[in-house]
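Engineer: My structure is below; once you've seen it, I'll send some questions.
The values are calculated or read from the model by the stated rules, or taken from the named source; none is laboratory data. Since this is a predicted model, take the numbers as computed values, not measurements. Counting neighbours? That spans all protein chains shown, and the Cβs are built from the backbone with ideal geometry, glycine included. Heavy atoms of the whole protein, side chains included, go into the accessibility calculation; ligands, DNA and RNA do not. Shrake-Rupley method; radii C 1.70, N 1.55, O 1.52, S 1.80 Å.
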Amino acid sequence: MNRMMKKVLSVLLINLLVFGNTSLAADKKDNKTIDEERQREIEKTLFMASASQNRVLKIGLVDCIAYALKNNSEIKIERIEPKLRDGDVKIARADFEPTFATDFTLHDNTEIASSALQGAGARSFNSQDVNLNASVFGKWVTGTEYNVEFFNQRYKSDSSFQVFNPYYATEPKITITQPLFKGFGILVNRADIIIARNNKQASAETFKDRVMDVISKAKTAYYNYIYYLENFALLKVSLERAEDLWKINKARYEKGLLSSVELLETETAVAQRQKSLLSAEASLRKAEDDLKLITNLVDDPETWNARLELIDGEPLFKEEKIDLIACLKDAFTNRPDYNSQKIDLKNRDIKIATAKNALFPTVDLVTSFGINGLGDEYQEALKNVNSNYPDWSIGFKINVPWGSAERAKFDQRNLEKAQALLSFKRLEQNIILEVRDKARAVDIQMRQVKAASLSQDKEGQNYEAQKERYAVGQVSTHDLLDYQEKLTGAQLDYAKALIDYNIALINLDRSQGLALVKNNVKLEEG
């Protein structure tokens, strides 16, 4: 165990002891709160302890994407949304699930006798009525409502009118209500289910869009970090060139072969390049922190202060032939925002259809059929249930609303559809312009890489030639320093062009909705 680990364990032990004593003293304090405070203190201690450690984390582009997706809070939030919308689908389906109902009633009634036939000399009579009923009712996708009922009654009275006392009555009965205008049709009745399913699909597209955004940002941060690493390395080489020249000039100056002005010019160049290197180091650290932030490495006490070492190295230049028509086809097939808008238009069509149906009057065909059974025993009443004692009915229910509310809703839905179509058309135009712009950027950056590569080669050859001329006194110190700056500038231009080209490819993939496919990322269902 090294000294640093011993120090960390010691600090943790002190914290545990302190919090242990605190929990004993605070009798009224909630244990959960104490545990949370203890956990926060432990995490803070771990972060502080790792600040003084020199750790190196070797990481590649695939690792960065995995880290970025693993603990991203925005992705976690969006991932819940499809599950919520799945709940909406289940709620909408519940409209077509059958419902079982039952009721039990015990009624005891004593009233004044209205006829002498109810009992000799009786001024009042008593009756007891017991009802036990059960039913299953619901609705089908056509809008048809059904109600299957089973009535059971026991009636007892001291009235002399009753033949059976008590008597039992039972009746199975089915009632069908079929809308003929308003409320009729599969689409109208399944509208909520279809819209809920579409909303679930739209939320999945939104989740996909968020994932692609995170992937693109992680890759961009990774390539930016590569650039600043290369920038720092090139400026360090530039400083070394100036320092080597300073050593040569100092030796010449000591031998009287060089003026103090040229030596001073070399010293000034060294100082300026040292300053540039410090600025490059600050930019490098900032780029490293940006990469840690997008990959969530800052949330881990083991990695938040580690130095990142990239295992992929400098990206290779792979020339991509861009077909704008193919890019546009991919965009209109894969872009989540475009697919979400198409889903929204489908929902608006459904809402227009339901609003149009609501303009019709309510005309319902209501039919029912039952079979009666009667007896002085319940079993006898059940046996007497047959087609000889039917109970049926048929009729209509008509309801014509007085007002214009439904017409206003229908007009609203049509206006909303027209508004959505305009937004959809604008989105299509924006996608075309965006994809064309990203494809154009790839082409331009590709040519920039080629031009920068040629410039870098030529500046390198020129610098080597000028060094030889300087050695024989044909080039001044000022000129050689200028050639060094030109070489470094050409090298930095190539590094920047190469990174910008790769970032342009990232942006093109993003504009086409191909960020998942191009990076072999598959989203789990559900």
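Engineer: What percentage of the solvent-accessible surface of the chain, computed with a 1.4 Å probe over protein heavy atoms, is contributed by carbon and sulfur atoms?
Structural biologist: Of all accessible area on the chain, carbon and sulfur atoms account for 55 percent.
Engineer: So, one more: Specify, per residue and in Å³, the volume enclosed by the convex hull of the alpha carbon atoms belonging to the range 401-526.
Structural biologist: Cα-based convex hull of the range 401-526, divided per residue, equals 169 Å³.
Engineer: Using percent of Cα pairs over 41 Å apart as the read-out, say which of (i) 27; (ii) 23; (iii) 59 was calculated from these coordinates.
Structural biologist: (iii)
Engineer: Taking the Cα centre of the range 212-365 as the origin, how large is its charge dipole in debye, to the nearest 20, when only Lys and Arg (+1) and Asp and Glu (-1) carry charge on their Cβ atoms?
Structural biologist: 440 debye
Engineer: Within the chain, which is the longest segment that contains none of the GluC sites (Glu not before Pro) sitting in a DSSP loop with at most 16 other Cβ atoms within 10 Å?
Structural biologist: Longest run free of exposed loop sites: 1-301.
Engineer: Oh, and also: Relative contact order for the chain using alpha-carbon pairs under 8 Å, separation at least 6, rounded to a whole percent?
Structural biologist: Here the relative contact order equals 19 percent.
Engineer: Could you derive backbone 3J(HN,Hα) for the range 98-112 from the dihedral phi with the Karplus parameters 6.51, -1.76 and 1.60 (θ = phi - 60°), listing whole Hz in sequence and x where the residue is Gly or Pro?
Structural biologist: Karplus values, whole Hz, x for Gly and Pro: x, 10, 9, 9, 8, 8, 10, 9, 10, 10, 10, 9, 10, 9, 5.
Engineer: Another one. Can you give me the accessible area per residue for the chain, using a 1.4 Å probe, in Å²?
Structural biologist: Here the residues of the chain average 60 Å² of exposed surface.
Engineer: On to the next question. Positive end of the charge dipole of the chain (Lys, Arg +1 and Asp, Glu -1 on Cβ, about the Cα centre): tell me which of I394, A269, I248 has its Cα farthest that way.
Structural biologist: In the chain, that residue is I248.
Engineer: Further question on the same structure: Counting each DSSP H run of 4 or more residues in the chain as -39500 (n - 2.57), what helix-only mean residue ellipticity at 222 nm follows after dividing by all residues, to the nearest 500 deg cm²/dmol?
Structural biologist: The helix contribution divided over the chain gives -21500 deg cm²/dmol.
Engineer: Angle between the Cα long axis of helix 3-25 and the longest principal axis of the chain, 0 to 90 degrees, nearest 10?
Structural biologist: Tilt relative to the chain: about 40 degrees.
Engineer: Report, for the chain, the % of DSSP beta bridges that are antiparallel, rounded to 5.
Structural biologist: That works out to approximately 95 percent antiparallel.
Engineer: Also, quick follow-up: Rank Q466, N199, G87 by how far each Cα sits towards the positive end of the charge dipole of the chain (+1 on Lys, Arg Cβ; -1 on Asp, Glu Cβ) and give me just the farthest.
Structural biologist: Farthest along the dipole direction, towards plus: Q466.
Engineer: Going through the range 473-526, which trypsin sites (Lys or Arg not before Pro) have at most 11 other Cβ atoms within 10 Å and a DSSP loop state?
Structural biologist: Counting only loop positions with at most 11 other Cβ atoms within 10 Å, the trypsin sites (Lys or Arg not before Pro) in the range 473-526 are K522.
Engineer: Related question: Taking the dipole about the Cα centre of the chain, with the C-beta of Lys and Arg at +1 and of Asp and Glu at -1, give me whichever of L328, L106, F151 is farthest to the positive side.
Structural biologist: Selected residue: L328.
Engineer: Still on this structure, I have one more. In debye to the nearest 20, how big a dipole does the chain give about its Cα centre with +1 on each Lys and Arg Cβ and -1 on each Asp and Glu Cβ?
Structural biologist: Rounded to the nearest 20 debye, it is 820 debye.
Engineer: Let me ask something else. Can you check what the net charge comes to around E281, using other residues whose Cβ is under 14 Å from the Cβ of E281 (Lys, Arg +1; Asp, Glu -1)?
Structural biologist: Spelling it out: positives minus negatives among the neighbours equals +3.
Engineer: Within 12 Å, Cβ to Cβ, of D391, how many net charges do the neighbouring residues add up to if Lys/Arg are +1 and Asp/Glu are -1?
Structural biologist: That works out to -1.
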